[in-house]
Amino acid sequence: MKKKLGVSGVIYYVVLSIMALVIIFPFVWLGSTSFDYFKSYTLPYPPRMFPKEFSTFNYKMALTNVPIVRYLTNTVIIAAVDVILNVFIATLTGFCISKGKFPGKNLIMIFILSNMMVPFETKLMPVYQIVKGLGLSNNLMGVILPGVMTNAMFMFFVKKFCDDLPDDLYEAGVIDGASKFRIYAQLFFPLMQPIVATIIVLDVVNVWNDLLWPMIVLNKSDNYTIQIGLALYNAGANGQVHAGIAVALSILSVIPLAVVFIFMQKYIVQSIAFSGLKQ
């Protein structure tokens, strides 16, 4: 027998529906506008939910007039290398701090926590001097390195995740004569899939949306990331800004992020459930 909704239940669903519409509307409008053909350089007003004249003109112009494929390729390379390094370093460090027994472990944890509390902007000049001293300015590795150097948050996530895994698993590996790295690689790392997926999503989003650091490090247009490319176009670096093309560029720039999130969302939910954050 179905339970009838009371007044509070109806209000609850109405509020949720309104909130969902408020969140969804900008994305629907963005997608609709990208396929709308209009001659003026400004967006049509009032906003339209459906294209008045359906056309792929904005996308054709975006792909021909702006080197967005190169920008996307550079950003994908940066994100991929950054993710690989961060996953390896964060999972290995978090595992060692959680399950290892060595002097100074608490001191390392304090250092990680303190590093999380310091904004990256305050470390900008020292990090830039390091990158410049290594000869990595105007190089994609110069963008990647600081993300690996300063992302103590991922180590903390993995450490807390490993704390919830049974110590018996580690002790069983030691009894069987496995090395610490083998215990990490064969016993613990396969169990870290949920937290690894969370790291991948957060890291990709962070790299994809980063504008300040790539603008400081990169000077050649061949190395520009997607955010620099969007910023330059919207600033009129390629001439007068066409709003429809700008919208199409925005849509193209978020497609890779959407793909990553779609493939990783199941593991993120598992990570939240495992860590008890739902409580």
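Values in this text are rule-based calculations from the coordinates and carry no lab data. Keep in mind it's a predicted model, so treat the numbers as computed, not measured. Every residue, glycine as well, gets a Cβ built from its backbone with ideal geometry; the counts of neighbours run over all protein chains shown.
Using Cα pairs under 8 angstrom and six or more residues apart, how large is the relative contact order of the chain, in percent?
So the answer I get is 28 percent.
Let me have the relative contact order for the range 7-55, percent, based on Cα pairs under 8 Å that are six or more residues apart.
It comes to 34 percent, rounded to a whole number.
Go ahead and collect, in residue order, the members of the range 90-134 whose backbone nitrogen is under 17 Å from a label point 7 Å along the Cα-Cβ direction of ASN219.
128-134, by backbone N distance to the label point.
Note the full-extension length gain between PHE88 and ARG70 as 0.36 nm times their separation in residues minus their Cα-Cα distance, in nm to one decimal.
Taking PHE88 through ARG70 to full extension adds about 3.7 nm, to one decimal.
Could you give me the ³J(HN,Hα) list for the range 100-109, computed from phi with Karplus coefficients 6.51, -1.76, 1.60 and θ = phi - 60°, whole Hz, x at Gly and Pro?
Values per residue, Gly and Pro as x: x, 10, 8, x, x, 5, 5, 5, 5, 5 Hz.
Less than 13 Å Cβ to Cβ from ASP167, Lys/Arg counted +1 and Asp/Glu -1: what total charge do the surrounding residues give?
Every neighbour counted, the sum reads -2.
For ALA231 and LEU124, FRET efficiency with R0 = 22 Å and r from the beta-carbon atoms, rounded to 0.05?
0.75
Angle between the Cα long axis of helix 140-149 and the longest principal axis of the chain, 0 to 90 degrees, nearest 10?
50
Pairs LYS52/LYS220; LYS101/LYS266; LYS123/LYS180; LYS101/LYS132; LYS159/LYS266; LYS52/LYS266: which exceed 30 Å Cα-Cα?
Pairs exceeding the cut-off: LYS52/LYS220; LYS101/LYS266; LYS123/LYS180; LYS101/LYS132; LYS52/LYS266.
Taking the Cα atoms only, what angle lies between the long axis of helix 193-209 and the longest principal axis of the chain, rounded to 10 degrees?
It works out to around 40 degrees.
Given a Förster distance of 25 Å, report the FRET efficiency between ASP163 and ALA258 from their Cβ-Cβ distance, rounded to the nearest 0.05.
Computed FRET efficiency for ASP163 and ALA258: 0.15.
Tell me what the chain gives for mean residue ellipticity at 222 nm when only DSSP H runs of n ≥ 4 count, each as -39,500 (n - 2.57), the sum divided by the residue total, rounded to 500 deg cm²/dmol. Let's see the in-between values first.
On the way: 12 runs with 188 residues, N = 279.
Computed ellipticity for the chain at 222 nm equals -22500 deg cm²/dmol.
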